[in-house]
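The values are calculated or read from the model by the stated rules, or taken from the named source; none is laboratory data. All values reported here derive from a predicted model rather than from experimental measurement. Cβ coordinates were reconstructed from backbone atoms using ideal geometry, including for glycine residues, and neighbour counts include every protein chain displayed. Ligands, DNA and RNA are stripped out before the accessible areas are found, and what is left, the full protein with its side chains, is counted by its heavy atoms. Shrake-Rupley method; radii C 1.70, N 1.55, O 1.52, S 1.80 Å.
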Amino acid sequence: MLSFLTIACLIWASPLSTALTKTTAASYGYKRKAPHDSKYDGTSNWELLNHGTESFSPRHSHATTIFRCPDSSNKQCLWLTGGYSELHRTWDLELENENCDVWFSQDGNAWTQVTDLQGDFLQGIGNWDAKTSSSVAPWYSRYGHSLDALDEDGDGIADVMVLVGGNSPLPSNDVWISMTGKDWKFDGFAPFSKRAYHASSVYQNKLYIIGGTPLNNEVWSGSLNRDHRGYTMSWTREESEIPFSPR
């Protein structure tokens, strides 16, 4: 029979003790190398663009897409919405980490905040009591949402941006549509469950929403429609027996 002290010593000396040490790529002897005969030197060909210029606050879980610039239908801009940042005081003097701002850039270096946001400021739906034509969007501050540009008429030029779900601060399934990046219309709640950190992609003029948290493996497709009321989204759940696990 092994004594308690002997068992304790064996456990301490076992590989399980390595869990107490920090695991890094270096600890496994891994080093990223550039491909042979490649003009790219690993990941060193990145350039910090907006260093020292006015920009949005440090954040993660924001959503971005490419859509026409607000001052020109012929130019494309990067658009950024929301995200999770350091704790800050909002327009209503509350403290929160989520953001409800909108930014755009033509080159990724110089960013401009949209300061005349308009749209559906609805009670119980979004920032209904915020001042319109300000830097506060009508949708609740959020992170882990998606933002995609959709082309309804098939001319190769995106007609709207569609913002879906995210944590605000709890998972949500609200849908917002904008033709300009300044005016945001509430398009109701999607038929899928509330979620954040889902994947989104535009394929054959449809917006696909895949998975998310709470964990699921659902696949939904959204089609952009236009009538006398403007643009709306219609949603369809794709094949229910998805082969990959919830994620």
Read through the list (1) crowded, with 19+ Cβ neighbours inside 10 Å; (2) closer than 19 Å to Gln76 by Cβ, then give the number of the only condition that Ser141 fails. (2)
Scan of region 206-220 for residues that are β-branched (Val, Ile, Thr) and more than 17 Å from Tyr143 (Cα to Cα), ordered by number: Val219
State whether the residues of region 176-184 include one that is touching a Leu at 6+ places or on another chain (Cβ under 9 Å), open to solvent by 60 Å² or more (accessible area, probe 1.4 Å) and either of a type outside the set (Phe, Trp, Tyr) or more than 21 Å from Leu78 (Cα to Cα) (or both). yes
Given Trp139, Trp220, Trp128, which one is out of contact with any Pro (no Cβ under 6 Å at 6 or more places or on another chain) and closer than 17 Å to His62 by Cβ? Trp139
With of a type in the set (Gly, Ala, Ser), farther than 23 Å from Thr81 by Cα and in contact (Cβ under 8 Å) with a residue 12 or more places away in the chain as the only criterion, which of Gly166, Gly154 stands out? Gly154
Cβ-Cβ under 9 Å pairs, at least 6 apart or on other chains, region 69-82 side over 14 Å from Ala110 (Cβ atoms), far side loosely packed, with under 15 Cβ neighbours inside 10 Å and at pLDDT below 95: Ser73/Ile157
Expected single match for over 25 Å from Leu48 (Cβ atoms), of a type in the set (Asp, Glu) and modelled with pLDDT of 95 or more among Asp116, Asp92 is Asp116
Considering region 109-134, residues that are touching a residue at least 40 places away in the same chain (Cβ under 8 Å) and more than 29 Å from Ser223 (Cβ to Cβ), and then whichever is most open to solvent (accessible area, probe 1.4 Å), we arrive at Lys131
Against the condition open to solvent by less than 60 Å² (accessible area, probe 1.4 Å) and either farther than 23 Å from Gln106 by Cα or in contact with a Ser or Thr (Cβ under 8 Å, 6 or more places away or on another chain) (or both), how does Gly211 come out, does it pass? yes
Yes or no: Ser234 over 27 Å from Phe121 (Cβ atoms), open to solvent by less than 60 Å² (accessible area, probe 1.4 Å) and without any contact (Cβ under 8 Å) to a residue 24 or more places away in the chain? no
Output the residues belonging to region 32-78 that are modelled with pLDDT of 85 or more and either in a loop (DSSP other than H, G, I, E, B) or in contact with a Cys (Cβ under 6 Å, 6 or more places away or on another chain) (or both). Ser55, Phe56, Ser57, Pro58, Ser61, His62, Cys69, Pro70, Lys75, Cys77
Can you tell me which residue in region 185-208 is farthest from Ser221 (Cα to Cα), limited to those that are touching a residue at least 60 places away in the same chain (Cβ under 8 Å) and open to solvent by 60 Å² or more (accessible area, probe 1.4 Å)? Lys185
For the structure I just gave you, tell me whether Gln106 is over 21 Å from Ile209 (Cβ atoms), open to solvent by 50 Å² or more (accessible area, probe 1.4 Å) and either at pLDDT 95 or above or in contact with a His (Cβ under 7 Å, 6 or more places away or on another chain) (or both). no
